[in-house]
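Beneath this line is the structure, given in structure tokens, with notes to follow.
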Amino acid sequence: MEKLDQRIQLVASKQFNELVDEWRRTQSDLPSRSEAIRRLVQLGLQFEENHPMRVLSAIIRPDRYEAVREALTELGVGGVTVTEVRGFGRQRGKREIYRGAEYEVMEVPKLRLDVVVPATVAEQAADAVTDAARTGKVGDGVVWLAPLQMVRRIRTGEENTDVVS
């Protein structure tokens, strides 16, 4: 067993400690909270090593696309895939008037953006999309991040961060 000779002081909330203890109870070999925190840090570091890329996906209003594309370009994002989609969330559709008749559109037209970014800039990219797409009205959309195990450029065989830099 590796000798543990370095102390790190950690100030944590009661809620954090409860979450760590709850997770620790699901493990069979963690005798202390300190050991649980060491294990969680190790798992987090392994995750980052195994998943150096993120996919950022967003559903946005079509009229906000130019601002979002500009914000991502300023961050150095090399490419965006855009798909026209229809759907509803909290907005639950909208009323429109066509040739004098009012009708309700249940699925609202939106754009879905998919962007592959290094994990180091993923949250900045999500913030940029959020800020650029926000109008303050219901129906602005959503942004989510998910880990990627591998990204490969078909033409050259480059992988992961080489693909997007």
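The values are calculated or read from the model by the stated rules, or taken from the named source; none is laboratory data. Fair warning: this is a prediction, and the values are worked out from it, not measured in the lab. Don't worry about glycine lacking a Cβ; one is built from the backbone with ideal geometry, like all the others, and counts go over all protein chains shown.
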Give me a count of the residues in the range 13-42 that are of a type in the set (A, V, I, L, M) and at pLDDT below 90.
1
Please list, ordered by first then second residue, the pairs with beta carbon atoms under 7 Å, 6 or more apart or interchain, first in the range 141-165 and modelled with pLDDT of 85 or more, second of a type in the set (S, T, Y) and surrounded by 12 or more Cβ atoms within 10 Å (Cβ to Cβ).
V143/T130; W144/S57
All positions within the range 118-165 that are within 13 Å of G76 (Cα to Cα), among the hydroxyl-bearing types (S, T, Y) and assigned to a helix (DSSP H, G or I):
T120, T161
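Which residue, of T135, T83, is of a type in the set (S, T, N, Q) and modelled with pLDDT under 95? Lay out the reasoning, then the answer.
Values: T83 fails: modelled with pLDDT under 95.
Being of a type in the set (S, T, N, Q) and modelled with pLDDT under 95 holds for just one of T135, T83, which is T135.
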If you check every pair at least six apart or on different chains, which have Cβ atoms under 6 Å apart with a residue in the range 56-77 that is in contact (Cβ under 8 Å) with a residue 24 or more places away in the chain first and a residue that is outside any helix (DSSP H, G or I) and among the charged types (D, E, K, R) second?
S57/D114; I59/K110; I59/R112
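Can you pull out every residue in the range 40-94 that is among the hydroxyl-bearing types (S, T, Y) and in a helix (DSSP H, G or I)?
Start the filter on the range 40-94 by keeping residues that are among the hydroxyl-bearing types (S, T, Y), which leaves 57, 65, 73, 81, 83.
Residues satisfying the conditions are Y65, T73.
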